[in-house]
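Shown next, in structure tokens, is the structure this report addresses.
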Amino acid sequence: MATNESAGIFSSASLAVEYIDSLLPENPLQEPFKNAWNSMLNNYTKFQIATWGSLIVHEGIYFLLCMPGFLFQFIPYMKKYKIQKDKPESLEGQWKCFKVLLFNHFCIQLPLICGTYYFTEYFNIPYDWESMPRWYALLARCLGCAVIEDTWHYFLHRLLHHKRIYKYIHKVHHEFQAPFGMEAEYAHPLETIILGTGFFIGILLLCDHVVLLWAWVTIRLIETIDVHSGYDIPLNPLNLIPFYAGSRHHDFHHMNFIGNYASTFTWWDRLFGTDSQFNAYNEKMKKSQKKAE
């Protein structure tokens, strides 16, 4: 009975979304995107698309999203939005970070990316335009991937902070007490694999088209670079997402080393009370501001 009711709710929700989608104006980018997608399929093999295409998407989006945060350090006006104002970024530290990123991306992540082709072949994941899911179905699957990754990240990240293993693996990521966007994937190679596994679990369970690989990696990079940015920018649209952790939540983790273990959402930290020090710190800061006024 409960199963039938759940199926009815999801079916009704799907019909409602389809109806709303039918009312939306025609997307002017759809035809150019379709032509570009079909041109890619006609000029490159599936292996090239799944491996080199995925690498280009990852590298291009990663460093493009890091660019605003990198430029902020040279704009005096943006300093007021920096969370840890007493810990400015250093060019030396950023150069070191960049070199480690190149190693992780090409020596750790690229071999993993090469496996995506064999994954799509084994599970008959389509590449063609006609099989591409609608935007709302794609968004729903990316949300599912985010929830799965966040759950994996919370428990494995918390485990990496255990005193017996912290100094061997996760300490590398905490080298920078005040995070900056490019530092999002600065980590020990083992951590890249351990925490990165959470990214692939959602793909294994939910992937129905190769475009999900690129959509999910885009959303994941937007989130992780945002929370590592070190800046709390007003009117950040990501803060409108319910339970979204945001830059202040994760910045406190780097500053305090304890608590706030989740990557995207706040519910696991709230459920297990691992955000208690963060909440106490916020209350202390509010009281200090009131006294100053």
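The values are calculated or read from the model by the stated rules, or taken from the named source; none is laboratory data. Bear in mind the structure is a predicted one, so any value in this text is a computation, not a measurement. In this analysis, Cβ positions are derived from the backbone assuming ideal geometry, glycine residues included, and neighbour counts consider all displayed protein chains. We work out accessible area using only protein heavy atoms, side chains counted, and drop any ligands, DNA or RNA first. Shrake-Rupley method; radii C 1.70, N 1.55, O 1.52, S 1.80 Å.
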Q) Using a 1.4 Å probe on the protein chains only, how many percent of the accessible area of the chain belongs to carbon and sulfur? A) 66 percent
Q. Hey, what's the Cα Rg ratio for the chain versus the globular rule of thumb, 2.2 N^0.38 Å?
A. 1.09
**Q.** Partners for residue 171 among aspartates and glutamates (Cα-Cα distance below 15 Å; same-chain residues under 8 apart left out)
**A.** 183, 185, 191
Q | Tail beyond 12 Å, pair distance distribution of the range 115-165 (Cα, percent) | A | 75 percent
(Q) Let's test the formula: R0 of 51 Å, r as the Cβ-Cβ distance of residue 236 and residue 204. What FRET efficiency results, to the nearest 0.05? (A) 0.95
Q) Helix 110-122 versus the longest principal axis of the chain: what angle, 0 to 90°, nearest 10, using Cα atoms? A) 30 degrees
Q) Using 1/(1 + (r/R0)^6) with R0 = 25 angstrom and r between the beta carbons of residue 258 and residue 92, what's the FRET efficiency to the nearest 0.05? A) 0.35
**Q.** Mean Cα-pair separation over length for the chain, i.e. relative contact order, pairs under 8 Å, 6 or more apart, %
**A.** 22 percent
Q | Solvent-accessible area of residue 243 with every protein chain in place, 1.4 Å probe, in Å² to the nearest 10 | A | 110 Å²
Q) Per residue and in Å³, how big is the convex hull formed by the alpha-carbon atoms of the range 136-293? A) 125 Å³
Q.
Checking the cross-link filter: which lysines have an alpha carbon closer than 25 Å to that of residue 290, excluding same-chain neighbours under 8 positions apart?
A. 79, 80, 82, 85, 87
